[in-house]
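Asks: Let me give you the structure first, and then I'll get to my questions.
Where a number appears in this text, it was derived from the coordinates with a stated rule and is not lab data. Predicted, not measured: the structure shown is a model, and the values here were computed from it. Cβ coordinates were reconstructed from backbone atoms using ideal geometry, including for glycine residues, and neighbour counts include every protein chain displayed.
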Amino acid sequence: MVCAGATRTSVGVTTVAVPAHANGRAFANVRSGSIAPAAALLALYALGFTLLHELARAWGGAGFYSLWFPVAGWRLALLWHQGPRWTLPIALVELAIDLILGAIPLGGPDAPIAWIGAVRPVLAYGLAVWGVRRLVSRPGAAGVTLLAPPMPLALVSIAAPVLAALLTLPQALWRGDLTGVETARDVALSIAAFTVGDLLGTLLIAPPMLWVADRLSGVPRTGLPRPGSMAIVEGALVLGLAALTGEMLRWLGLGSQSAPALIGVAWIGLRFGRVPAWCALVIVCAITLPRTAGAVNTIERLQFHLGLASVVMAGYLAGSFHDAQARARAEVERRDRLLFQAERLKTLRAMSVAVIHEISQPLSTLAIEARHLHELTVDASNEVATTAALIDRKAAHLSGLVRRLRRYGGRAVDEPSPLPIATLIESVVALAKPEVQAADVTLTIAPLAPSATVMAQEIELSQALVNLIRNAAQACGKGGEILLTVDAQEEAVCIAMSNKCARTAAPSAGMGVGVLVARAIVEAHGGTLSLLRAEDMVRAVISLPAIGTAA
Amino acid sequence: MTEVPASLATVYVVDDDHDLGASVARLLRRHGFAAEPFLDPAPLLAVYADVVPTCPAHCIVTDVMMGDIDGFAFADRVRVIDPGVAIIFMTAWPTTANAVDSVRRYGGLDYLEKPIDEDRLVRAVTEGVSWSIRRRSALGRTARLTARERQVFDLLVEGHPNKVVADRLGLSPKTVEDHRAAVLAKTGANGLAGLIALSR
């Protein structure tokens, strides 16, 4: 069931109903139907691929391409940002460049195998991205700290290289001669080197690329955290100490040990989060990587890079874990606040029920006497008669209001029943009218289809609608207009409410739970609530499953 | 059934809010009822017990939530003393459960929500008074039946034929015929339909 107004975004209107997954920002969709930007993106990718590919050559060796492969990060960033559907275009781009650069043969008996070898890592990366996204979007994954953002990116950054490396195994066993991998030792070396090179690439390159991409595509982000000076001093001290310890071990002839650096970056990651951890990793790599470029013993170099990969992985995971925890903590705090507000609402409700009761008693007397007075004074002087009539009218109005309010705030737990939308709108308008008029706002109801019916708890659903009307009125202030339209379709009934403000009014201080309550009620009815916000207008669309015409 | 002038109809209003009780009583008096407010059901019960033989009330309008005796307990006790009085409940705490109970369990004629809808109150009281008068007359006409005739009457108005009544009571059909004739004579009803109307 889809409501036209909920999906169509008119000019200048942006959707503010962010999907429930907070990591939705990383999952920006392919903008289907726009070929030019996609082509430009692929061209940019091709350029980056070529440059980074050449850069990686310095850390190459027999049986593997490179022990430090930034292309992996470049590729992962694009796949993660655009989604696994981009796997094929990326694979084709990489294949084309490999062919142009002569990295793989254009023809010959073994050409197809070489081609497969060129696209295989891309397919593996696509598969890893798809898998991790599936894992995260599963129902029930939302509450797991290990899957809270940015953990999914950290997971895919590690899973993709490992998967890609493992997928080289069949070819290495079957036609190892093609890549100079003959013995079991060669196979192990090749896979280890492949994994290490890609790991370093994904963990160091993908995060900043994604950050830049998010910035460019205008995804709202909190921006980079600004660490305090004490944090910088602490990080620098830890890193310096780690470097000093590492150098000392080397100087003492104990080889290049990664443990000090590992502890250092894990410390920074756990204490300060992902971005500082990434900065520390870049510093570590900037110092150590040049040492292994060029002609160094392969085994020594592999060992060194394996150590470096462990450092990078540990640092990155520690930082991501810190961020995920911070996010989870913020979520708990938000829920606490909501709970507090719910408690407050409960108290308010109890109070209002008591007040309604206390009022209804004297009001009964007042209404009876006012009417009597009115009847008595019909023939009195014009002045007296008018006053008595006015008092009577107001007392009667107040009585009606109290009766309605009681039904609304009382402990009425009603069962869902077929509810004609026209009835619903009528009672909602009666409830909201005094408030809307007090705010000096006009409420217009478009003609409705009389047959539209939904299965609903009338009181709850009225509350949802009243909340939205109240919000619309408060947001506008004097001279605003609210338009309420109902669109009955075969499967869904769409109730849309839009306000048009005469001028920008300062929003009044509400408790901010009106929309939350409305959303909860609508969702409990199996419907959806979406809000579209523009500069001078807010449009709320409720979509409810229709049950056909009322019996 | 002829309408009795409202001025002859006695209505008691029970509410622990003195002003409201008085106001409702005055309202009813304006509509021609002999209405009397009571602050508490207990004194009314005492008064009521005294006047039953001579001047019973036709209708009682009572609040539900009151001090010692609530409206429902009060209705139960009044019913014991006088089965011919109409009872109307009014409340500031309306619930669906109470509304159903007030009519089904406590024989209430209506269940009014405060602030009171005046027209509905007057309609309900008018209806209550005429129901009460009908009920009293029916009760009066069946009062002179003997115990045996009462048994036969009760079974007949349930729709049982003479044979079944005879069977149930262990009498001969001829005896039942005699009792039936006596019942019709005493109540002045002209047939089974009239008897059923009396039992309502």
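Asks: Rounded to the nearest 20 Debye, what is the dipole magnitude of the stretch B:147-199 about its Cα centre when Lys and Arg each give +1 and Asp and Glu each give -1 at the C-beta? If you can, show how the numbers build up before the last one.
Replies: Numbers: 7 positive and 6 negative charges, 16 e Å.
Dipole size: approximately 80 debye.
Asks: A follow-up question, please. Taking neighbour counts of Cβ atoms within 10 Å as a proxy for exposure, in what order, fewest first, do A:Trp115, A:Trp174 appear?
Replies: On the way: A:Trp115 16, A:Trp174 10.
So the ranking, lowest neighbour count to highest, is A:Trp174, A:Trp115.
Asks: Other chains' Cβ within 10 Å of A:365-371 residues: what's the mean? Numbers along the way, then the final one.
Replies: Details: counts 12, 4, 6, 12, 5, 0, 3.
Taking the mean over all residues of the peptide, I get 6.
Asks: For the stretch A:342-437, which trypsin sites (Lys or Arg not before Pro) pass both filters: DSSP loop (anything but H, G, I, E, B) and at most 13 other C-beta atoms within 10 Å? Each step should come with its number before you reach the end.
Replies: Numbers: sites: A:Arg344, A:Lys346, A:Arg349, A:Arg371, A:Arg393, A:Lys394, A:Arg403, A:Arg404, A:Arg406, A:Arg407, A:Arg411; in loops: A:Arg411.
In loop regions of the stretch A:342-437 (DSSP not H, G, I, E or B), the sparsely surrounded trypsin sites (Lys or Arg not before Pro) are A:Arg411.
Asks: When N counts the residues of the stretch A:417-545, how does its alpha-carbon radius of gyration compare numerically with 2.2 N^0.38 Å, as a ratio?
Replies: Dividing the Cα radius of gyration by 2.2 N^0.38 Å gives 0.99.
Asks: Continuing with the same structure: Among B:Met66, B:Met90, A:Met351, which comes first, then next, by fewest other beta-carbon atoms within 10 Å?
Replies: Working: B:Met66 19, B:Met90 27, A:Met351 11.
Least to most surrounded, the residues fall as A:Met351, B:Met66, B:Met90.
Asks: Is the stretch B:147-199 rounded, prolate or oblate when judged by the Cα gyration tensor, a ≥ b ≥ c being the square roots of its eigenvalues, rounded requiring a/c under 1.5 and prolate requiring a/b larger than b/c?
Replies: Numbers: a/c = 1.90, a/b = 1.49, b/c = 1.27.
It comes out prolate by the Cα gyration axes.
Asks: To continue, here is another question. Mind ranking B:123-130, A:203-210 by how tightly packed they are, going by the mean number of other C-beta atoms within 10 angstrom, highest first? Walk me through the numbers on the way to the answer.
Replies: Details: B:123-130: 20.4, A:203-210: 22.4.
Packing order, densest peptide first, comes out as A:203-210, B:123-130.
Asks: Set Lys and Arg Cβ to +1 and Asp and Glu Cβ to -1, take the dipole of the protein assembly as shown about its Cα centre, and tell me which of A:Leu163, A:Leu78, A:Ala449 lies farthest positive.
Replies: Comparing the listed Cα positions along the dipole, A:Leu163 ranks first.
Asks: Please check which bits of the stretch A:468-487 a label hung off A:Thr442 would reach, taking the label as a point 7 Å along Cα-to-C-beta and the cut-off as backbone N under 15 Å.
Replies: Label zone hits: A:477-484.
Asks: Here's another thing I want to ask about it. Report, in whole Å, the centroid distance computed from the Cα atoms of the stretch A:77-120 and the stretch B:62-140.
Replies: Using only Cα atoms to place each centre, the spacing works out to 88 Å.
Asks: With unit charges on the beta carbons (Lys and Arg positive, Asp and Glu negative) and the dipole taken about the Cα centre of the protein assembly as shown, which residue among A:Ser399, A:Phe304, A:Ala266 sits farthest to the positive side?
Replies: Selected residue: A:Phe304.
Asks: Might you report the magnitude of the Cβ-based charge dipole of the stretch A:31-199 about its Cα centre, with Lys and Arg at +1 and Asp and Glu at -1, to the nearest 20 debye? Can you show the working numbers first?
Replies: Numbers: 10 positive and 8 negative charges, 139 e Å.
Approximately 660 debye in magnitude.
Asks: Suppose the chain between A:Val162 and A:Ile263 were pulled fully straight at 0.36 nm per residue; how much longer would it get relative to their current alpha carbon spacing? Display every interim value, and only then the final one.
Replies: Details: separation 101, 0.36 × 101 = 36.36 nm, distance 2.33 nm.
Length gained, A:Val162 through A:Ile263: 34.0 nm.
Asks: B:Lys186: which aspartates and glutamates have alpha carbons under 13 Å from its alpha carbon, excluding same-chain residues fewer than 8 sequence positions away?
Replies: The reachable aspartates and glutamates, counting only those whose Cα sits under 13 Å from B:Lys186, are B:Glu149, B:Asp178.
Asks: Please arrange A:Ile356, B:Ile81, A:Ile495 by how many other C-beta atoms lie within 10 Å of their C-beta, fewest to most.
Replies: B:Ile81, A:Ile356, A:Ile495
Asks: In debye, nearest 20: dipole of the protein assembly as shown around its Cα centre with unit charges on the Cβ of K, R (+) and D, E (-)? Display every interim value, and only then the final one.
Replies: Details: 67 positive and 63 negative charges, 207 e Å.
Computed charge dipole of the protein assembly as shown: roughly 1000 debye.
Asks: Which of B:Val11, B:Val103, B:Val64 moves most in a GNM of chain B, Cα contacts under 10 Å?
Replies: Looking only at B:Val11, B:Val103, B:Val64, the largest GNM fluctuation is found for B:Val103.
Asks: Restricting to DSSP H runs of at least four residues, report the calculated mean residue ellipticity at 222 nm for the protein assembly as shown, -39500 (n - 2.57) per run over all residues, nearest 500 deg cm²/dmol.
Replies: -20500 deg cm²/dmol
Asks: Can you work out the PRE-style zone for B:Arg77? Point 7 Å along Cα to Cβ, and I want the residues of the stretch B:9-39 with backbone N under 16 Å.
Replies: Inside the label zone: B:13-16, B:38-39.
Asks: Roughly how many Å is it from the Cα centre of the stretch A:224-260 to that of the stretch B:177-191, as a whole number?
Replies: Cα centroid of the stretch A:224-260 versus Cα centroid of the stretch B:177-191: 115 Å apart.
Asks: Something else: Given the options B:Gly84, A:Pro227, A:Ala520, identify the residue whose Cα lies farthest towards the positive end of the charge dipole of the protein assembly as shown (+1 on Cβ of Lys, Arg; -1 on Cβ of Asp, Glu).
Replies: Most positive-ward Cα: A:Pro227.
Asks: Computed FRET efficiency, Cβ-Cβ of A:Leu339 and A:Arg138, R0 22 Å: what is it to the nearest 0.05?
Replies: Computed FRET efficiency for A:Leu339 and A:Arg138: 0.25.
Asks: What is the average number of partner chain Cβ atoms found within 10 Å of a Cβ in B:106-114? Write down the numbers at each step before the final one.
Replies: Working: counts 0, 0, 0, 0, 0, 0, 1, 7, 13.
Taking all residues of B:106-114 together, the mean is 2.
Asks: Based on C-alpha coordinates, I'd like the Rg and Dmax of chain B, in Å.
Replies: Rg then Dmax for chain B, in Å: 19.5, 62.
Asks: Return the Cα extents of the protein assembly as shown along principal axes one, two and three, sorted largest first, each rounded to a whole Å.
Replies: On the principal axes, the protein assembly as shown reaches 130, 77, 52 Å in Cα extent.
Asks: Also, I was wondering about something else. Considering only the other residues whose Cβ falls under 14 Å of the Cβ of B:Asp82, what net charge follows from Lys and Arg at +1 and Asp and Glu at -1?
Replies: Numbers: positive: B:Arg77, B:Arg79, B:Arg135, B:Arg136; negative: B:Asp50, B:Asp76.
Residues near B:Asp82 contribute +2 overall.
Asks: Estimate the FRET efficiency between A:Arg120 and A:Leu216 by the formula 1/(1 + (r/R0)^6), using the beta-carbon distance for r and 35 Å for R0, to the nearest 0.05.
Replies: On the way: r = 30 Å, r/R0 = 0.86.
That gives a FRET efficiency of 0.70.
Asks: Moving on. Which of the lysines could a cross-linker bridge to B:Lys114, judged by Cα under 20 Å and excluding same-chain residues fewer than eight apart?
Replies: In chain and number order, the partners are A:Lys394.
Asks: While we're on this one: Just tell me how shielded B:115-122 is by partners: mean number of partner chain Cβ atoms within 10 Å of each residue's Cβ, no decimals. Mind dumping the intermediate values first?
Replies: Details: counts 19, 7, 5, 7, 1, 0, 1, 0.
Across B:115-122, the average partner-chain Cβ count within 10 Å equals 5.
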